[in-house]
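Visitor: Structure below; questions to follow.
Each reported figure results from applying straightforward, stated rules to the coordinates on display, with no laboratory input. Because the structure is a prediction, the values reported are computed rather than measured. Note that each Cβ is placed from the backbone with ideal geometry, even for glycine, and that neighbours are counted across all protein chains shown.
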């Protein structure tokens with residue numbers, strides 16, 4: 001299954017904490033919380049089936065804006081993919097916020113994901129492209145080649 005979400009990727013930031021007497025409550029920063037809610041709404045609009053079960057393979061492509069401070073030549077190189085983002089945020093922080101935002105919608109829980117491939121790109125159209133495959137089980141119980149959803 002392939003889905004595209006037209007949203008600027010947002011990295012998972014460290015959780016914030018508040019103290020209520022002796023209890024400590026952890027929560028996402030507002031930017032991350034809004035991102036996860038928007039991502040969930042987009043997913044509900046595009047994917048109307050039950051969450052996938054079993055072992056899953058996920059391929060993620062994160063497209064982010066080109067910084068306005070770069071030269072025209074550098075901008076062109078970034079847009080054609082010759083130069084890829086090697087600046088913060090880290091790809092693993094993009095992965096975390098995105099997988100958490102899709103929990104219970106595309107899959108029951110992100111612990112079902114046994115393989116992840118993730119890449120960062122530049123684009124004039126920020127977005128997230130996701131491809132999910134369910135791994136078929138062999139008779140010995142090990143995952144097989146995978147079947148596209």
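Visitor: Testing the spin-label approximation: label points 7 Å from Cα along Cα→Cβ at residue 118 and residue 65. State their distance in nm.
Guide: Result for the modelled spin labels: 2.2 nm.
Visitor: Here's a follow-up. Which value in deg cm²/dmol, rounded to the nearest 500, describes the helix-derived mean residue ellipticity at 222 nm for the chain, given -39,500 (n - 2.57) per DSSP H run of n ≥ 4 and division by the residue count?
Guide: Helix contribution divided over all residues of the chain: -8000 deg cm²/dmol.
Visitor: Roughly how many nanometres apart are two label points built 7 Å out from the Cα toward the Cβ at residue 86 and residue 22?
Guide: Result: 5.2 nm between the two label points.
Visitor: What are the semi-axes of the equivalent ellipsoid for the stretch 1-73, taken as the square roots of 5 times the Cα gyration tensor eigenvalues, largest first, in whole Å?
Guide: Equivalent ellipsoid of the stretch 1-73: 28, 24, 12 Å, largest first.
Visitor: In nm, what is the difference between 0.36 nm times the number of residues separating residue 2 and residue 76 and their Cα-Cα distance?
Guide: Length difference between fully extended and current span is 23.9 nm.
Visitor: Once you have a ≥ b ≥ c as the square roots of the Cα gyration tensor eigenvalues for the stretch 52-91, tell me rounded if a/c is under 1.5, and otherwise prolate or oblate according to whether a/b is larger than b/c. Please list the in-between numbers first.
Guide: Details: a/c = 3.95, a/b = 2.82, b/c = 1.40.
Prolate is the answer for the stretch 52-91, as a/c is 1.5 or above and a/b outweighs b/c.
Visitor: Here is a follow-up. Taking the Cα-to-Cβ direction at residue 45 and at residue 125 and moving 7 Å from each Cα, how far apart do the two end points lie in nm?
Guide: 1.4 nm
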